[in-house]
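Shown next, in structure tokens, is the structure this report addresses.
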Amino acid sequence: MTRDPRVGIGYDIHRLEPGDGIMVAGCRVACPFRVVAHSDGDVVLHALCDALLGATGAGDLGEHFPDTDPVHRGRDSADFVRAVLALPALAPWRLANLDVNVIAQAPRLAEHKPGMRSRLATLFGLPLDAVGLKARTNEGCDAVGEKRAIQAQAAVLLVPR
């Protein structure tokens, strides 16, 4: 049976509060904020996990790693990525590429983008040219624009193995 490629989309948002840094795309970004989250609150990795789960009809991040489970408190979101990639639902598929929008008024992410792309390529087993990552602001609008939140949107393409 032939399978058509599958696309998944993911989204995540976390509130920001005063702190000493945040995790974004598997990289620590020093800044005067921290995310309010049960795990390390990496919006990029959370959105990418949801995109993979959605493409395979395998639920969502909260179903697999509920924030009511104390085992996930402070957990490294890279662990979520590894667990999602190892799910049986993903076995017949190969990740062809991923693309991410990170939306944050602060911190500014431009200087961190090369390191983030490299980390994503490593975590997801992709060549660098198959990893898209854009950082944008929200032009002062809503909670993101007021530096009270950070969000990410992600898309993935799965092709049959």
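Filtering region 105-135 to residues that are outside any helix (DSSP H, G or I) and out of contact with any Ser or Thr (no Cβ under 7 Å at 6 or more places or on another chain) leaves Ala106, Pro107, Arg108, Leu109, Gly125, Leu126, Pro127, Val131, Gly132, Leu133, Lys134, Ala135. Residues in region 80-103 that are in contact with a helix residue (DSSP H, G or I) (Cβ under 9 Å, 6 or more places away or on another chain), within 30 Å of Lys147 (Cβ to Cβ) and either charged (D, E, K, R) or in contact (Cβ under 8 Å) with a residue 60 or more places away in the chain (or both): Val100, Val102. Taken together, Pro88, Pro66 contain a single residue that is within 20 Å of Gly125 (Cα to Cα) and surrounded by fewer than 14 Cβ atoms within 10 Å (Cβ to Cβ), which is Pro88.
Within region 67-103, being closer than 30 Å to Asp142 by Cα and of a type in the set (Asp, Glu) holds for Asp67, Asp76, Asp99.
Determine, yes or no, whether Val44 is touching a Cys at 6+ places or on another chain (Cβ under 8 Å), part of a helix (DSSP H, G or I) and either closer than 19 Å to Ala154 by Cα or among the polar types (S, T, N, Q) (or both). Working first, answer last.
Values: touching a Cys at 6+ places or on another chain (Cβ under 8 Å): no; part of a helix (DSSP H, G or I): yes; either closer than 19 Å to Ala154 by Cα or among the polar types (S, T, N, Q) (or both): yes.
Taking the combined requirement at face value, the residue does not satisfy it.
Please go through region 131-146 and give me each residue that is crowded, with 17+ Cβ neighbours inside 10 Å and over 17 Å from Tyr11 (Cβ atoms), ordered by number.
The answer is Val131, and nothing else.
A quick yes/no check of all residues on (1) under 19 Å from Ala83 (Cβ atoms); (2) surrounded by 17 or more Cβ atoms within 10 Å (Cβ to Cβ):
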site: Gly8; (1), (2): yes, yes
site: Asp12; (1), (2): yes, yes
site: Pro18; (1), (2): no, no
site: Ile22; (1), (2): no, yes
site: Ala25; (1), (2): yes, yes
site: Cys31; (1), (2): no, yes
site: Gly41; (1), (2): yes, yes
site: Val44; (1), (2): yes, yes
site: Ala47; (1), (2): yes, yes
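Quick note: the coordinates plus some simple rules give every number you see, no bench work behind them. In this text, all values refer to a predicted model and were calculated from it rather than measured experimentally. Counting neighbours? That spans all protein chains shown, and the Cβs are built from the backbone with ideal geometry, glycine included.
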